[in-house]
Amino acid sequence: MHPLTRPVPLRNSTVWPNYSSAETLIHVYGRCTVAPVRYDREGFFWHVCDHICGGIIGVKRKGQTETAWKEHRDIDATGHPCTFLELAERADDGDLSVTVNGKLSGKTGAAIVNPADIGGDIMTMVRGEYDSTGVDVFRRECQARGIVCAGILGDKTKTARAMLSEIAGSIGAVWSGGMPGLMRLHPMDMADTEPVWCDMDEDSVEEISSACESSDIITTLRVSYDVDHSDDTPKASMVLRAIEPRKTWGDIIEEVTLPWVSAPRVAYDVASRILDWRSRKRWTVSFSSERTAPVGGYVYLDHPACPVSGNAMILSVDFSPFERVRNYTASIPVGDSPSMELFSSSAAFEAPAIPPSELTAGAETTTILIRDASGKPVAMEAITIDGTVKKQTDSSGKVTIKTLPGKHVIMVDSTGQTMEIMV
């Protein structure tokens, strides 16, 4: 069986001797709110995620803030590393929701929030090993646009292919297990500068057909995101309109949910790319050729039987090792990208800057107390300093860095919030 067709190997609570019911033990990426699984019979100890995480941020009992709790990063009865919650007062199943910073990289200690790294982690789970350098291009692509993810692996029946498809759909990407870099964001405003894999012309194409699609045009897109995984409910939404197509076609509305997106700026990026693609007519071209190009790659299409020419993005490839030709589907949008209007948003669109924080500078090291937009310490959070240095705040929101005089930029990885400090 191909690794991608296997279910992701998630454990369930039957591995414990005193489990109360069979519950999937989840993996968490980014900041998420999840429902913990009872670990003891009495209801004092709860399993939060099936790995060591970046820290528990908060706990609620029946929607009310719980203050008497303790976090444990320890091994369970089988010797597996987990994150646990200990309560001062027992709770019943369904009472609790826990907000947690998810899985950390075993190599760097940084939060795994880049979609490329999440995909690489899933591939490692199903294959046993995975060369993460293969996703460097996609990782840089996401970094350049500030795309980070937050979500969970919590369904034992889902295959790795289904999990990766869900992530790709959430961030507006195309993907294939055999394509270089695993995924590519789509569409991108880079068709004129993207490296072209090959020319597909009259000499190299054997069969070709094309159709101009307009039946699935939309002009207004409503996206729901920031899912509370304790009850599977999105907590935020926004509505985007494509101005020129809306004047032409009227108000054609579609709704989508982005289960792996939590930040407003990421939701806007994904929604604007989806609407840019879906609000225009598109030529879909199917053809056969011996030449090779991957899903997500560009080819230069120029054939007398095709009414359009130019750089086309490959959306699918179908081939057999016993046949000499490959069957491709590519797409070319018609006209210019439309103007976008953010019609409504239930959350602040820009991640607010972190307010000025306390700073204690010494000769060798500088300690910084980092606060969020409300002034509360940012505890047990992965942060990035000057775009390269990875650190984590302690339980009081402090982090210590090497003293380097000058201005430095600090970003909280899970939210994208930034601050500038002067040492």
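Read-outs: derived from the displayed coordinates by stated rules, not from any lab. Nothing here was measured: the structure is a model prediction, and the numbers come from that model. All Cβ positions, even for glycine, are placed from backbone atoms using ideal geometry, and neighbour counts span all protein chains on display.
Some points to look at:
- Among the residues making up segment 263-306, those that are in a loop (DSSP other than H, G, I, E, B) and over 30 Å from Gly146 (Cα atoms) are Glu290, Arg291, Thr292, His303, Pro304, Ala305, Cys306.
- Looking at Ile118, Ile52, just one residue is touching a strand residue (DSSP E or B) at 6+ places or on another chain (Cβ under 6 Å) and surrounded by 22 or more Cβ atoms within 10 Å (Cβ to Cβ), and that residue is Ile118.
- The residue pairs whose first member lies in segment 73-92 and is charged (D, E, K, R), whose second member is in a loop (DSSP other than H, G, I, E, B), and whose beta carbons are closer than 6 Å, counting only pairs six or more residues apart or on different chains, are Arg73/Ile52; Arg90/Glu42; Arg90/Gly43; Arg90/Phe44.
- Conditions (1) in contact (Cβ under 8 Å) with a residue 12 or more places away in the chain; (2) surrounded by fewer than 18 Cβ atoms within 10 Å (Cβ to Cβ); (3) part of a loop (DSSP other than H, G, I, E, B); number of the one not met by Pro338: (2)
- Options Val256, Val285, Val261, Val308; residue that is of a type outside the set (Asp, Glu), in contact with a helix residue (DSSP H, G or I) (Cβ under 6 Å, 6 or more places away or on another chain) and touching a residue at least 24 places away in the same chain (Cβ under 8 Å): Val261
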